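A short worksheet on the structure shown next.
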Amino acid sequence: MYRISCHTLQFKNRSIYDILTAMKEVGFDTYDFTMCNNDGCYDQFIDKRDYIKRAKTLRKFADKLEMKCNQTHSPFPIEHPSFSKAKIQSQYKLLIRSLKVSSILGADYCVVHPLNDYDDEYNSAYFKKILPFCHKFHIKVSIENMWNWDEKNDHACLASCSNHKNFVHLLDLINDDFACAIVDIGHAEMKGLNTSAVEMINSLGPRLKCLHIHDNDKHHDQHLLPGDGMIDFDEIIKALKKINYQGDFTFETIPLLNVESMDEFKKQLKRIYDCGLKLRKDFLS
């Protein structure tokens, strides 16, 4: 617990091996294996026939670097009203593969988005369909708070788990020890959702096992480094202390790492790692 981790989106054609090596060089010993790109589409291993072999090869590489996979991120969306039956079946197949890969990598949790456009009851059935595989692979599903967008009024609007009340309600409906919560700090602070990261943390309590840490202008989903936006991280740290949070500090500062040169990539990784050290120090003080 309390490890400092970061997403591994593969920008600029960098391989996961290059990313992990760079992370290790700047101080990380933990990573969040991201099995999707910035649009949610899969782009790592799980669409390949030899995905199990690829995952085992990555595990060996990470073990040699002494890098621990604390959590993973599955592709999304799995279902949408516009999807065909065949498309949904294909997406489910990738999701189950992502749970298997998570297990091979030694992750504790696999982050799975709820179905934004469906109600809590539908989402409860969706996660109950996934949970037998979680039990089989010994991997917990960590459900992330999400949002939809109101184009007319230019702000976020209701989605599954978009505020603290419907997040808790969904977990109550699922009622399984292998289902827990991840609070995406930035998502919780978007205008229009009638919640906050502090409210979510306090409401979820011990069911909060993971974090996606990033900042924003309290309006848009910008994924900035804490301190570069308007979110009050002092209050978030206080809330995490209050519930005796036992998880890691995992960053999802996506645009920060979308840079051209490897030198700049390492420079930004170091900024993220140093920010993690500060947040952890504040939490433990």
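The values are calculated or read from the model by the stated rules, or taken from the named source; none is laboratory data. All figures in this text were calculated on a predicted structure; none of them were measured in a lab. Note that each Cβ is placed from the backbone with ideal geometry, even for glycine, and that neighbours are counted across all protein chains shown. Protein only, heavy atoms only, side chains kept; ligands, DNA and RNA dropped before computing areas. Shrake-Rupley method; radii C 1.70, N 1.55, O 1.52, S 1.80 Å.
Can you confirm whether F137 is at pLDDT 95 or above, open to solvent by less than 50 Å² (accessible area, probe 1.4 Å) and over 30 Å from T195 (Cα atoms)? If you could, list the steps in order and put the result at the bottom.
Numbers: at pLDDT 95 or above: yes; open to solvent by less than 50 Å² (accessible area, probe 1.4 Å): yes; over 30 Å from T195 (Cα atoms): yes.
Yes; evaluated as a whole, the condition is true for this residue.
Counting just the residues of the range 180-202 that are outside any strand (DSSP E or B) and among the acidic types (D, E), which one comes out most open to solvent (accessible area, probe 1.4 Å)?
If we take residues in the range 180-202 being outside any strand (DSSP E or B) and among the acidic types (D, E), then E199 is most open to solvent (accessible area, probe 1.4 Å).
Quick grid of which residues meet (1) open to solvent by less than 30 Å² (accessible area, probe 1.4 Å); (2) out of contact with any helix residue (DSSP H, G or I) (no Cβ under 9 Å at 6 or more places or on another chain); (3) at pLDDT 95 or above:
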position: A86; (1), (2), (3): no, yes, yes
position: L99; (1), (2), (3): yes, no, yes
position: S124; (1), (2), (3): yes, no, yes
position: S142; (1), (2), (3): yes, yes, yes
position: N153; (1), (2), (3): no, yes, yes
position: L158; (1), (2), (3): no, no, no
position: L170; (1), (2), (3): yes, no, yes
> Where residues in the range 14-30 are closer than 14 Å to K270 by Cα and assigned to a helix (DSSP H, G or I), which of them is most open to solvent (accessible area, probe 1.4 Å)?
Replying inline: E25
> Within the set of pairs 6 or more residues apart or between chains, which connect a residue that is touching a residue at least 60 places away in the same chain (Cβ under 8 Å) and closer than 17 Å to F33 by Cβ inside the range 204-218 to a residue that is open to solvent by 50 Å² or more (accessible area, probe 1.4 Å) and outside any helix (DSSP H, G or I) with Cβ atoms less than 9 Å apart?
Replying inline: K209/D108; K209/K140; K209/Q246; C210/D108
>> Show me the strands (runs of 3 or more DSSP E) entirely contained within the range 120-179 in which 2 or more residues are within 23 Å of Q71 (Cα to Cα).
In response: 140-144
> Among (1) over 19 Å from S5 (Cα atoms); (2) open to solvent by 60 Å² or more (accessible area, probe 1.4 Å), where does R59 come up short?
Replying inline: (1)
> List pairs: first in the range 225-254 and among the polar types (S, T, N, Q), second part of a loop (DSSP other than H, G, I, E, B) and at pLDDT 95 or above, Cβ under 7 Å, 6+ apart or cross-chain?
Replying inline: T253/H214; T253/H223; T253/L225
> If only one of K48, K93, K64 is open to solvent by 60 Å² or more (accessible area, probe 1.4 Å) and over 17 Å from S15 (Cβ atoms), which one is it?
Replying inline: K93
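Would you pick out the residues in the range 31-55 that are part of a strand (DSSP E or B) and at pLDDT 95 or above?
The answer is Y31, D32, F33.
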> Which ones in the range 228-277 are at pLDDT 95 or above, among the β-branched types (V, I, T), in contact with a strand residue (DSSP E or B) (Cβ under 8 Å, 6 or more places away or on another chain) and not in a strand (DSSP E or B)?
Replying inline: I231, I243, T253, I272
>> I need every pair where a residue in the range 107-129 that is on the phi > 0 side of the Ramachandran plot has its Cβ under 7 Å from the Cβ of a residue that is small (G, A, S) and part of a helix (DSSP H, G or I), sequence separation at least 6 or different chains.
In response: none
